[in-house]
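First comes the structure, then the notes that go with it.
The values are calculated or read from the model by the stated rules, or taken from the named source; none is laboratory data. Computed from a predicted structure; not experimentally measured. All Cβ positions, even for glycine, are placed from backbone atoms using ideal geometry, and neighbour counts span all protein chains on display.
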Amino acid sequence: MSPTRHRSKNPVKNPRIGIPVAAGAALALVGGALLWSPAEKADAAPTKGAQAQRAAGFTAVAAGDIAEQCTADDSGCKHPQTAALVKKINPSFVMTMGDNQYDDARLKDFEEYYDTTWGAFKDKTHPIPGNHETYDPDGELEGYKSYFGDVAYPQGKPYYSYDQGNWHFIALNSNSFDDSAQIDWLKKDLAANSGKCVAAYWHHPLFSSGEHGNDPVSRPVWKLLYDNKAELVLNGHDHHYERFAPQNPDGKADKNGLVELLGGMGGANPYKIEEVQPNSEKRLTKTFGVVKLNFTDTGFSWELVGTDGKTKDTSPSYACH
């Protein structure tokens, strides 16, 4: 399939209570009363912080549509700012949803722009290509492949999967969803998944309220994921943030359906919201940032973190199917 070419635009004592505490012992304030825990039992109950850490499982960061041809010297350049968020969050790994580098994703552009910011996380990035990676004059995906190497081609193809905790992640190339080899691989990959929760990501969204709108190219992939009880789909392409309620491949609300997250706010010039789609629950444009995803053994949630460090949106908490 030949991708629709869309050019990007230019960017734009205990000190708290004052009571001496014996070494190894503990005091806790519960319901307004101080409770004493002797030294040999001081560690019997986990702190709230430890409980929260266990509940979090692991954290990943996601964004698409990232590196315009600009640097930190330009105050309007956004990918250095979104990269700073990734550094601060320090996730287990990073997912990019395509159009990693503009405009033609040549190797020299990756090296001059993307590498100076998001390149800091290259060793823990699991990327996928967007339509701009196909525009390289040296050949489709040549700059992308040369820059990311085995990170983007761990199985010799620009699509692959990997596991983290109780999650199975599937990275796909939506520029070639008409390639039967990729679809056959996906069927086998899903069949081999041993009961883990499933998240998949690629560039072109099936559902979008933005300028590009819905792209039916991925409906067969959605159907495969839906039939295999997958949980989450992440996309880019439209340069805005959007989250959808669970739905089926036909766009009907379905509590057993897939949750779609569109995260095209990694640094590229923002697009307008054109036509709000059914089941769209939140849309933000002109908001640059990254999605901080929190995964547990049984579910997931996320926050959109803006370049000012503030949370711009928080998702519901979803349970795995």
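Brief remarks on what is shown
- Filter result for Asp227 (among the acidic types (Asp, Glu) and closer than 23 Å to Pro270 by Cα): no
- Among the conditions (1) surrounded by 24 or more Cβ atoms within 10 Å (Cβ to Cβ); (2) in a strand (DSSP E or B), the only one that Gly267 does not satisfy is (2).
- Glu275 meets all of the listed conditions (1) in a loop (DSSP other than H, G, I, E, B); (2) of a type outside the set (Val, Ile, Thr); (3) touching a Cys at 6+ places or on another chain (Cβ under 9 Å) but one, namely (3).
- The set of residues from region 135-172 being among the β-branched types (Val, Ile, Thr) and surrounded by fewer than 23 Cβ atoms within 10 Å (Cβ to Cβ) comprises just one member, Val151.
- Set side by side, the residues Asn214, Asn235, Asn248, Asn256 differ, and just one is under 28 Å from Lys188 (Cα atoms), within 14 Å of the chain's Cα centre (by Cα) and not aliphatic (A, V, I, L, M), which is Asn235.
- Selected residue [among the charged types (D, E, K, R) and farther than 30 Å from Gln69 by Cβ] from Asp215, Asp238, Asp313, Asp227: Asp227
- Lys312 being surrounded by 15 or more Cβ atoms within 10 Å (Cβ to Cβ) and under 19 Å from the mean Cα position of the chain (by Cα): yes
- Flag if Ser194 is closer than 22 Å to Asp99 by Cα and either surrounded by fewer than 22 Cβ atoms within 10 Å (Cβ to Cβ) or not charged (D, E, K, R) (or both): no
- Matching entry among Val276, Val291 (being closer than 18 Å to Ala200 by Cβ and modelled with pLDDT of 95 or more): Val291
- Considering only residues in region 64-94 that are in a loop (DSSP other than H, G, I, E, B) and hydroxyl-bearing (Ser, Thr, Tyr), the one that is surrounded by the fewest Cβ atoms within 10 Å (Cβ to Cβ) turns out to be Ser75.
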